[in-house]
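Structure first, then comments.
The values are calculated or read from the model by the stated rules, or taken from the named source; none is laboratory data. Since this is a predicted model, take the numbers as computed values, not measurements. Here the Cβ is made from the backbone with ideal geometry for all residues, glycine too, and neighbour counts use every protein chain on show.
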Amino acid sequence: MLKFTAGLILGVAVGLSGVYTYYCLGFEFDLSHATNITIAVATLFAVSIHFDAQRTAKKNRIWDTNKEMLLDLVHSLSKAMNATDIEIENELKHQAGQGSTELSEREISSFDGLDRKIDYVLSVYSPLMDSKLVADIETFKSESDEFTREALNDEISNLEAYEEILGKYKSLCGKLIKFVGRVSGIKYT
């Protein structure tokens with residue numbers, strides 16, 4: 001919408017300046033001038049279409065390069081969020097004296113899978129990705145490692161660690177989904 005408005009304003013300004021030049025300055029206007037102006041305007045349109053096509057092609061290349069990795073990362077992140085929800089429920093049951101705090105194989109594989117995906121993204125795909133998103137993933141990884149360390153050293157309870165990391169998962173997932181929506185060409189709403 002902003003580009004359309006700027007184009008409209010520029011078009012009106014150019015049109016008014018052309019009318020001013022023609023009427024006020026007594027400029028002679030014949031068929032050769034009209035032809036030259038038409039060719040110049042057509043060239044401007046062709047150049048703008050070319051630049052738009054180049055921008056779109058670059059965006060498509062970025063999406064094609066990152067598509068599989070980004071979708072796998074979002075999927076692993078959602079699995080880890082579900083596993084964290086289950087672990088929060090298990091921890092609450094354990095505090096009420098109704099269950100065990102042992103992690104099931106499914107939850108362990110979800111957390112390990114996410115860790116592997118994040119390491120892979122940071123080591124292999126980071127040069128191909130948006131630097132802000134890479135910084136967000138690095139921040140998430142360091143905060144996640146810190147929560148794990150604090151929970152293992154009993155500096156915070158397991159429940160607090162799970163709740164904090166779940167919030168970080170949701171935040172990173174939201175950023176990834178926005179990035180995927182923007183890069184894939186699908187408008188994020």
| request: Determine whether ASP112 is of a type in the set (D, E, K, R), modelled with pLDDT of 80 or more, touching a Lys or Arg at 6+ places or on another chain (Cβ under 9 Å) and assigned to a helix (DSSP H, G or I). | output: no
| Members of the stretch 172-189 that are over 15 Å from TRP63 (Cα atoms) and surrounded by 14 or more Cβ atoms within 10 Å (Cβ to Cβ) | LEU172, CYS173, LYS175
| message | Would you confirm whether or not the stretch 74-97 contains a residue that is modelled with pLDDT under 80 and either in contact with a strand residue (DSSP E or B) (Cβ under 8 Å, 6 or more places away or on another chain) or in a loop (DSSP other than H, G, I, E, B) (or both)? | response | yes
| Matching option when the condition is assigned to a helix (DSSP H, G or I), at pLDDT 85 or above and under 37 Å from the mean Cα position of the chain (by Cα), among LYS67, LYS59 | LYS67
| message | Given the criterion in contact with a Ser or Thr (Cβ under 8 Å, 6 or more places away or on another chain), in contact (Cβ under 8 Å) with a residue 24 or more places away in the chain, closer than 18 Å to VAL180 by Cβ and loosely packed, with under 14 Cβ neighbours inside 10 Å, identify the matching residue among LEU71, LEU114, LEU128. | response | LEU128
| What are the pairs, 6+ residues apart or on separate chains, where a residue within the stretch 75-88 that is in the same structural domain as LEU172 (by TED's automatic domain parsing) and within 17 Å of ALA151 (Cα to Cα) has its Cβ under 6 Å from a residue that is part of a helix (DSSP H, G or I) and aliphatic (A, V, I, L, M)? | THR84/LEU166
